[in-house]
Each structure stands twice: as structure tokens, then as C-alpha cells.
Amino acid sequence: MRWTTRDIRQMKGRDKIPMLTCYDYTMSKLLDQAGVPLYLVGDSLGNVVLGYETTVPVTLQHMIHHASAVMRAKPKALVVVDMPFLSFQISPARALESAGRIVKESGADAVKLEGGERSAAAIRRIVEAGIPVVGHLGLTPQSVLALGGYPLQGKGKEGDRLLEEARILEDAGCFLLVLEKVPSELAARVTAAASIPTIGIGAGAGCDGQVLVINDLLGLDPDFAPRFVKRFAHVGKTIVEAAAKYCAEVRQGKFPASEHEYRDTSSKTTSSTASPSSSASSSTRTKATRAKTTRTKKASRKSPSRGKKS
Ligand code: KIV
């Protein structure tokens with residue numbers, strides 16, 4: 001059974017809510033095995049997948065492309081997709097059009113919009129059309145140009161304003177609220193005041209749940225180590241070591257070993273009868289053998305979705 005917005009809302013005050021970003025099919029399958037109830041196809045994919053400096057260049061098409069891959073794994077998680085910069089700010093009508101494209105074309109469950117009062121009209125319009133919306137307050141990375149970086153938000157008097165904006169977003173119909181890079185006391189105040197769950201990132205333990213970028217949790221980039229990130233693994237190092245080992249074995253002729261090779265076991269074609277011309281066409285034969293093996297494997301695979309790739 002798949003997680004619903006209702007399930008997530010009911011967790012407030014009962015169970016902490018773990019959320020992770022997810023950008024592709026394979027990760028979607030793995031996180032599903034781990035029992036992650038809530039995915040965010042974040043526009044952070046602009047940084048960690050596409051290599052942009054900020055999330056500003058991310059397009060609606062990027063988001064739909066990645067969300068579709070995530071959904072093809074058929075996760076049980078509720079899947080939220082970020083609305084990218086300028087896909088919702090121009091007008092509520094444009095926002096609904098963008099949100100509609102995301103859920104219709106990718107099959108995802110909900111959208112997330114950055115901003116408080118400035119995004120409320122768009123949120124209202126999307127919610128009225130029947131699309132669940134997640135709000136996002138505090139540090140809103142799409143405003144990096146205006147903010148001049150990624151500073152802590154909600155300090156001092158700003159905190160009261162953020163509290164008010166949280167109320168506005170709940171009123172506009174959000175079922176969940178992300179709080180990014182705000183003082184933990186403020187996040188705890190918002191969490192206590194809101195009747196919808198809050199999900200923190202760099203917002204302390206007082207939130208109803210937490211979200212992390214999957215690349216950060218896995219330690220894929222050893223150079224990225226802000227205070228709010230905890231690395232639960234060091235997969236970046238593992239990948240570098242594995243790739244280096246592979247290169248060494250190819251160079252040394254150790255890989256592929258005989259157990260990785262295919263042999264022609266039919267009685268007609270043996271190495272002693274092979275002519276130079278048939279040797280010249282060996283690559284054609286190898287391709288044919290591989291195609292035949294692939295077909296056989298496809299037929300015997302247990303998982304049909306995996307079979308497509310073999
Ligand atoms: O895009 C993203 O990954 C996010 C999280 C940081 C909340 O918006």
C-alpha cells in the first residue's frame with residue numbers, strides 16, 4: 001500500500017517523519033526497500049545531479065524527467081516534486097498549469113513551492129484543483145540571487161514573521177511544511193503552532209520530521225560538509241576505490257576473468273576450425289551471442305522491470 005497525504009498528516013505528534021530526496025529509478029527502488037515513507041524530487045538535483053551552481057537554471061522539464069524515473073520504480077513512498085524557479089511565480093494560473101504537468105506527466109503525488117505569503121495565491125489555486133502542496137520556508141534556495149548566498153534565516157524579529165508565514169501557508173492549504181536553515185528554537189515554535197507536520201533541514205530536532213539530500217546522507221561528495229549534514233555512509237570513497245580497482249584490473253588483464261566470458265560450446269564452431277575470416281568476424285558473433293543470451297535472460301528474469309534493462 002502506498003503512503004498518502006492523510007497518513008503523513010496523521011503522523012504529527014505521534015511518529016517522526018523521515019523524508020529523503022530521490023532523483024532516479026535505482027535510488028527510488030533502494031529507498032523503497034529501506035522503507036522511506038516520503039520522497040522529495042528536489043530541485044537540488046540541479047546541484048547534485050546536473051552540476052549547476054544553484055537551483056535557478058532548473059526547468060519544469062528537468063523535474064518531470066527525474067520524477068518520472070522515480071515513479072517508474074513504483075515506490076510505496078509519497079512522492080513530492082519541487083516546482084522549479086519561475087514555474088509558479090508568474091501567476092496562480094501558470095502555477096496550476098506547472099503543477100498539473102508535474103503530477104499528470106510524472107505520476108507523482110504532490111508538489112512543493114518555496115516562499116510564504118508571496119506563494120500563497122499560487123498554493124491556494126493548486127490545492128483547489130486537487131493537487132496536494134508542501135510549503136517551504138526559511139532558506140529558500142531559489143532566492144539565492146536576492147539573498148546573496150545561503151544565510152541562516154529567521155533570526156531575531158524575522159522569527160515572528162516566519163511564524164506568521166507558516167500560518168498563511170497552512171491556511172492556503174499546505175499539508176506539510178519544510179523549514180530550512182532556521183534556528184532550532186524558531187522551528188520548534190512553528191512546529192508547536194502548526195497543525196500540519198513540519199519537516200526540518202538544518203532546523204533542529206524540534207520538527208515533526210527531517211529531510212536530507214540523499215547524496216549528503218551517503219557521503220557522495222567528501223568536500224560538502226555543512227553543519228546540518230550527517231553522513232550515514234561514505235559511498236563516494238567506495239565508488240572511487242571500486243572504479244580505481246576496475247581500471248587497474250583492466251590494465252593488468254585481470255578483468256574479465258574466464259568466469260566473465262562467454263564460450264561457444266556448440267560442436268561446429270571450435271577454435272581449431274575457425275578460419276582467419278571467421279576470426280575477423282568474431283565481434284559480430286560476440287554481439288549475436290550477447291543478444292541471444294540477453295533474450296534468454298529476459299525470459300527467465302523474475303523482475304519484469306529489471307528485465308527491460310538486461
Ligand atoms: O531541493 C531540495 O532538495 C530541497 C530540500 C533541501 C528541502 O528543497
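Derivation of every value follows stated rules applied to the coordinates shown; laboratory data play no part. Here the structure is a predicted model, which means the values were calculated and not measured. Cβ placement follows ideal geometry from the backbone for every residue including glycine, while neighbour counts extend to all protein chains displayed.
Being in a helix (DSSP H, G or I), away from the ligand (no atom under 15 Å from the Cβ) and within 19 Å of Gly42 (Cα to Cα) is the filter here; which residues of the stretch 105-121 pass it?
Keep residues of the stretch 105-121 that are in a helix (DSSP H, G or I), which gives 105-106, 117-121.
With away from the ligand (no atom under 15 Å from the Cβ) added as a condition, the list becomes 105-106, 117-118, 120-121.
Passing the criteria: Glu105, Ser106.
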- [ ] Hey, can you tell me all the residues within the stretch 222-264 that are surrounded by 10 or more Cβ atoms within 10 Å (Cβ to Cβ) and more than 23 Å from Val48 (Cβ to Cβ)?
- [x] Lys245, Tyr246, Cys247, Ala248, Glu249, Val250, Lys254, Phe255, Pro256, Tyr262, Asp264
Task: Check on Gly219, at positive phi, surrounded by 12 or more Cβ atoms within 10 Å (Cβ to Cβ) and within 11 Å of the ligand (Cβ to nearest atom) - done: no
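Could you tell me whether Ser143 is at negative phi, polar (S, T, N, Q) and within 14 Å of the ligand (Cβ to nearest atom)?
Working: at negative phi: yes; polar (S, T, N, Q): yes; within 14 Å of the ligand (Cβ to nearest atom): yes.
Considered against the rule, which asks whether it is at negative phi, polar (S, T, N, Q) and within 14 Å of the ligand (Cβ to nearest atom), Ser143 comes out as yes.
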Task: Candidates Val70, Val79, filtered to the one that is farther than 25 Å from Ala172 by Cα and within 14 Å of the ligand (Cβ to nearest atom) - done: Val70
Open item on the list: Given (1) within 16 Å of the ligand (Cβ to nearest atom); (2) not in a helix (DSSP H, G or I), identify the lone condition not met by Ala166.
Closed with: (2)
- [ ] List the number of the failed condition for Pro197; all other conditions in (1) within 11 Å of the ligand (Cβ to nearest atom); (2) in contact with a Lys or Arg (Cβ under 9 Å, 6 or more places away or on another chain); (3) of a type outside the set (Val, Ile, Thr) hold.
- [x] (1)
TODO: For the stretch 113-137, enumerate the residues that are out of contact with any Gly (no Cβ under 6 Å at 6 or more places or on another chain), within 22 Å of Ser184 (Cβ to Cβ) and surrounded by 24 or more Cβ atoms within 10 Å (Cβ to Cβ).
DONE: Glu114, Val134, Gly135, His136
Task: Among the candidates Leu179, Leu152, residue that is outside any helix (DSSP H, G or I), among the hydrophobic types (A, V, I, L, M, F, W, C) and buried (at least 18 other Cβ atoms within 10 Å of the Cβ) - done: Leu179
- [ ] Scan the stretch 15-46 for residues that are within 8 Å of the ligand (Cβ to nearest atom), touching a residue at least 40 places away in the same chain (Cβ under 8 Å) and touching a helix residue (DSSP H, G or I) at 6+ places or on another chain (Cβ under 7 Å) and jot them down.
- [x] Thr21, Asp43
TODO: List every residue pair whose Cβ atoms lie under 8 Å apart, where the two residues are 6 or more positions apart in sequence or sit on different chains, the first residue falls within the stretch 106-133 and is under 24 Å from Lys74 (Cα atoms) and among the hydroxyl-bearing types (Ser, Thr, Tyr), and the second residue, located anywhere, is away from the ligand (no atom under 16 Å from the Cβ) and not in a strand (DSSP E or B).
DONE: Ser106/Ser68; Ser106/Met71
